[in-house]
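First the structure, in the form of structure tokens, and then the observations on it.
Every read-out reported here was derived from the displayed coordinates using simple, explicitly stated rules and does not represent laboratory data. For clarity, every value in this text was computed on a predicted model and none was experimentally measured. All Cβ positions, glycine included, derive from the backbone under ideal geometry; neighbour counts span all protein chains shown.
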Amino acid sequence: MNILVIKSSVFGDNGHSSSLVNDQVAAIQAQHPDAQVVVRDLSADPIPHLDGERVGAFFTAADQRTSEQQAVDDFSLALIDEVKAADRIVLGLPMYNFGIPSQLKSWIDHVARAGITFRYTENGPQGLLDNKSVTVVAARGGLYAGTENDTVTPYIKLFFGFIGITDVSFVYAEGLNMGDEAQEKALNEAREALQAG
Ligand SMILES: Cc1cc2nc3c(=O)[nH]c(=O)nc-3n(C[C@H](O)[C@H](O)[C@H](O)COP(=O)(O)O)c2cc1C
């Protein structure tokens, strides 16, 4: 089994989402000692924001690209290869200012590639990746899950579904900034849910 671990907390492994992700990966490894784990830490190793030059590189035909443009394309394809190789993805997902970390958005901007991870057909968009599951560990200071203010859950489901990955489950650790007791309770419940799942 190949596991791709994506961490996006700006606090590195001190982030609650990263810490829960690490627990989850340890639990998977205990069950599958031969599991291969690839870690993509978007805080330690940030991905450049998508800009005109980078998107221009994507849209330029391979035989027309400059070496700089080819390097941008190669980098994006390397990120996509990590996803393709994974049987299981574990994503640490903090909420910052009502949304996903911008570091994670940059990753998404390099993975959502027309003709590579999705394509448009007469019947609409078609995802080109499959046979993978995603466990999302969502950490929030407040309470959002199940309310209309949680714009992150549908967005993440939409993104993975768009590239063909529909087996996406969420474990929430919420209320982390609502006092020590609430935080401990939320983290314990998230750990239990991850162990069960
Ligand atoms: C810059 C910043 C913005 C935040 N914005 C929100 C927010 O909009 N809603 C919320 O519930 N919590 C918010 N929080 C709290 C985080 O969601 C909480 O600290 C969570 O643990 C972050 O995950 P992490 O510890 O893995 O980084 C914010 C935290 C930071 C540092």
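Checking every one of the chymotrypsin sites (Phe, Trp or Tyr not before Pro) in the range 52-130 against DSSP loop status and a limit of 16 other Cβ atoms within 10 Å picks out 98. Expressed to the nearest 5 percent, the antiparallel share of DSSP beta bridges inside the range 2-196 is 15 percent. Projecting the Cα atoms of 57, 10, 102 onto the dipole axis of the range 2-196, where Lys and Arg carry +1 and Asp and Glu carry -1 at the beta carbon, places 57 farthest toward the positive end. Of 80, 6, the sequence from fewest to most neighbouring Cβ atoms within 10 angstrom is 80, 6. Residues whose amide H falls under 5 Å from that of residue 6, counting only those 5 or more places apart or on a different chain, are 40, 90, 91, 92, with hydrogens built in the peptide plane. From its DSSP helices (H runs of at least four residues, each -39,500 (n - 2.57)), the chain gives a residue-normalised ellipticity at 222 nm of -13000 deg cm²/dmol.
Percent of C-alpha pairs per 10 Å bin in the chain, short distances first: 9, 33, 36, 17, 5, 0. The ranking of 7, 105 from fewest to most other beta carbons within 10 Å of each one's beta carbon is 105, 7. For the pair residue 192 and residue 87, label points projected 7 Å from Cα toward Cβ lie 2.9 nm apart. Look at 102, 76, 67, 169 and count the other Cβ atoms within 10 Å of each Cβ; fewest to most, that gives 67, 169, 102, 76. Phi-derived couplings, Karplus 6.51 cos²θ - 1.76 cosθ + 1.60 at θ = phi - 60°, listed residue by residue for the range 98-109: 6, x, 7, x, 4, 4, 6, 4, 4, 4, 4, 5 Hz, with x used for Gly and Pro. Close Lys pairs in the chain, defined as Cα atoms under 20 Å apart and 8 or more places apart or on different chains, number 9.
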